[in-house]
Amino acid sequence: MAKIAVLGSGTGSNFQALVEEFGDEIVLVISDQPGAGILEKAKAFGIPTAVEVGGADLSARILKRLGGVDLICLAGYMRLVKEPLLSAFPNRILNIHPSLLPKYPGKAAWEQALADQAEVTGCTVHYVDAGIDTGEVILQEKVEVLIDDTATTLHARIQIAEHRVYPQAVKRVLKKMSGRV
Ligand code: GAR
């Protein structure tokens, strides 16, 4: 059985999709936002939580909490992961991003897609490296942009795809890791 930690800053809908698939393999949730919905959701599931707010040594503080963890899933985590965390988890940190990377990295990717008048966008699960949404792609799903889409409606449809894709991608990575976990 793998031990997975989830890092998030927001409402935690992707975290919930992961819990529904992986249950008690999710052993810890860390947020940089003390009031984040993801923490409330984790508590409701009985999963231990921690808050680590920003600061120069954030990645080092997070690393100290991850003894025994095999895999880190970023789920709406709006900060860059840095050293020493990156080197401690090589190919063991995943992120979900609301676009078909390499298109629209960074914040509010669905708004970028609308501003670009894209006909198709989607979501991507990728390995995390030192860049902003630059790591190797694991899985993507397309989402059509509708003519009357607003930022809210488009993001909502992308999130439905995210909740399908993230558990599938994590399964794929855990399978690759098996033998080591
Ligand atoms: C998700 O749409 C995720 O793709 C996005 O934040 C949202 C979090 O929602 N992440 C990024 O934009 C990262 N660059 P959630 O808290 O409901 O999972």
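Among the helices (runs of 4 or more DSSP H) contained in the stretch 57-115, which hold 3 or more residues that are within 16 Å of the ligand (Cβ to nearest atom)?
Those helices (runs of 4 or more DSSP H) span 109-115.
Just need a number here: residues in the stretch 161-181 that are small (Gly, Ala, Ser) and modelled with pLDDT of 95 or more.
2
Within the group ILE158, ILE132, which residue is in contact with a strand residue (DSSP E or B) (Cβ under 9 Å, 6 or more places away or on another chain) and modelled with pLDDT of 95 or more?
When all the criteria are applied, what remains is ILE158.
Give me the pairs: first residue in the stretch 133-150 and on the phi > 0 side of the Ramachandran plot, second residue part of a strand (DSSP E or B) and surrounded by 13 or more Cβ atoms within 10 Å (Cβ to Cβ), beta-carbon distance under 6 Å, and six or more apart or on different chains, which are they?
Matching pairs, first to second residue: ASP133/HIS97.
Name the pairs: first residue in the stretch 99-115 and more than 15 Å from VAL125 (Cα to Cα), second residue of a type in the set (Phe, Trp, Tyr) and within 10 Å of the ligand (Cβ to nearest atom), Cβ to Cβ under 6 Å, at least 6 apart or on different chains?
What qualifies is GLN112/TYR104; ALA113/TYR104.
Is it fair to say ILE38 is part of a helix (DSSP H, G or I), away from the ligand (no atom under 16 Å from the Cβ) and crowded, with 21+ Cβ neighbours inside 10 Å?
no
A quick yes/no check of all residues on (1) surrounded by 12 or more Cβ atoms within 10 Å (Cβ to Cβ); (2) farther than 15 Å from LEU18 by Cα:
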site: ASP133; (1), (2): yes, yes
site: VAL137; (1), (2): yes, yes
site: VAL143; (1), (2): yes, yes
site: THR153; (1), (2): yes, yes
site: ILE158; (1), (2): yes, yes
site: ARG164; (1), (2): yes, no
site: LYS171; (1), (2): yes, no
site: SER178; (1), (2): no, yes
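The values are calculated or read from the model by the stated rules, or taken from the named source; none is laboratory data. Since this is a predicted model, take the numbers as computed values, not measurements. No Cβ is skipped: glycine too gets one built from the backbone with ideal geometry, and neighbour counts run over all protein chains shown.
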